[in-house]
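Engineer: Okay, here's the structure, questions in a sec.
The numbers here are math on the coordinates, done by the rules we state, and not lab data. Not measured: the values here are computed from a predicted model. Using ideal geometry, Cβ is built from the backbone for each residue, glycine included, and neighbour counts are taken over all protein chains shown.
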């Protein structure tokens, strides 16, 4: 257990990293699917592509950034909840 209760444990840090990567991957796939349905074109993969419209590039960048922040926050919250459940379960078993 961590010396300071506010200090995240190693398990929480690793869980947050794993969940962040998983949430980011899922968010990227969802954004690409939604982009294709809305615009009828594949999601941009190269921001310096000369065929990419500036407005499209800007809108996609904003949507991708917002999706990344949302995914990171959801993953962090999920990792904290999972760690709390695990800690509570461990406390019940040791008590």
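Engineer: When you scan segment 30-45, how many residues do you find that are in contact (Cβ under 8 Å) with a residue 24 or more places away in the chain and either exposed (fewer than 13 other Cβ atoms within 10 Å of the Cβ) or under 30 Å from residue 13 (Cβ atoms) (or both)?
Structural biologist: Looking only at that region, the number is 2.
Engineer: Still on this structure: Could you list all residues from segment 46-66 that are under 20 Å from residue 23 (Cβ atoms) and either exposed (fewer than 10 other Cβ atoms within 10 Å of the Cβ) or free of Cβ contacts under 8 Å to residues at least 24 places away in the same chain (or both)?
Structural biologist: 61, 62, 65, 66
Engineer: Within segment 67-95, which residues are exposed (fewer than 15 other Cβ atoms within 10 Å of the Cβ), closer than 30 Å to residue 35 by Cβ and either in contact (Cβ under 8 Å) with a residue 40 or more places away in the chain or in contact with a strand residue (DSSP E or B) (Cβ under 7 Å, 6 or more places away or on another chain) (or both)?
Structural biologist: 70
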